[in-house]
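Please treat every number below as a calculation from the coordinates, not as lab data. The structure presented is a predicted model; accordingly, all values stated were derived computationally and were not measured. Backbone-built Cβ (ideal geometry, glycine too); neighbour counts: all protein chains shown.
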Amino acid sequence: MKILLALLALTTLSFSTASIAKDFTDKQKVEIQTMFKEYLLNNGQDIIQSVETFQNKKEEASRQEGEERAKIFLSTLSDDMPMTGNKDGDITLVEFFDYNCGYCRRALEELQKVLDKDDNLKVVFFDMPILGPSSMEVSKWSLAAHKQGKYFEYHQALLNHNGQKDEATLEKITKETGLDVEQLKKDKDDATIARTLEKNVEQAQNMNIRGTPGFIIAGKVYPGYMPASRIESIIAEARKK
């Protein structure tokens, strides 16, 4: 109890020295600080363990909440969204990504390895432009390409491109992908595309996906980059269930 009171007093001291000064003498303050230091010295590991336990419980609650929201989110997916693989696949993988994200480029390589071996996987792409105005602009071009039926080809070309993705580069990629440049430039400025991208970011964050890449595989949320072997393992486990 003395230690508890000491901790409480010291906490109060840190918030309001003036107020504490009225309640404790200098000698008492020194005694409290000494007791606090002794407690930390003798019980430091217990304190750390307690904090870790609290943090783990908080993270687990957040993860479960994200997955509950992911189930609702998955029910809103439709066949007209940007995707590749088998549209009738038994497993759905959703990727949130940013075209200026280096790990997203690596993630595409890993996803391709999985798709090359798995003909029953459905992959749905959600542009999540969070790395600045350039990301937002490139995503607009990307979703406009989807209107012409070549989203995945354009998606691959954008992520595989080395260097800046300025307008001249985007036009060049558009031509090389066999798209109508003028139509795409017109479509990219459609207000519905901007709203879609804003909604994508909101939905991702609502499921506790804060950065890119982020995945939802068989209803579970996986933030961060994953190699093909990890993705395949998750898919295999989901199919067992």
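If r is the Cβ-Cβ distance from N162 to Q49 and R0 is 41 Å, what FRET efficiency results, to the nearest 0.05?
Approximately 0.30, to the nearest 0.05.
Determine, from the Cβ-Cβ distance of R106 and N42 and an R0 of 45 Å, the FRET efficiency 1/(1 + (r/R0)^6), rounded to the nearest 0.05.
After rounding, the FRET efficiency stands at 0.45.
How charged is the neighbourhood of S135? Take every other residue with its Cβ under 14 Å from the Cβ of S135, and add Lys/Arg as +1 and Asp/Glu as -1.
Counting the neighbours of S135, the net charge comes to -1.
Taking K and R as +1 and D and E as -1, what net charge do the other residues with C-beta under 13 Å from the C-beta of K113 add up to?
That works out to -2.
So between R230 and T34, what do we pick up on full extension, going 0.36 nm a residue minus the alpha carbon distance?
Value of the extension gain: 65.5 nm.
HN-Hα J couplings of region 160-168 from phi, Karplus 6.51/-1.76/1.60, θ = phi - 60°, integer Hz, Gly and Pro as x?
Computed from phi, the couplings for region 160-168 are 7, 6, 8, x, 5, 10, 7, 4, 4 Hz.
Quick one: which of K140/K199; K71/K122; K87/K186; K122/K241; K87/K240; K87/K117 span more than 23 angstrom between C-alpha atoms?
Over 23 Å Cα-Cα: K87/K186.
Run the numbers for D189 and R210: contour at 0.36 nm per residue of separation, minus the present Cα-Cα distance, in nm.
Here the answer is 5.0 nm.
Please sort by residue number the trypsin sites (Lys or Arg not before Pro) in region 159-234 whose DSSP state is loop and whose Cβ has at most 16 other Cβ atoms within 10 Å.
Within region 159-234, the qualifying trypsin sites (Lys or Arg not before Pro) (loop, at most 16 other Cβ atoms within 10 Å) are R210.
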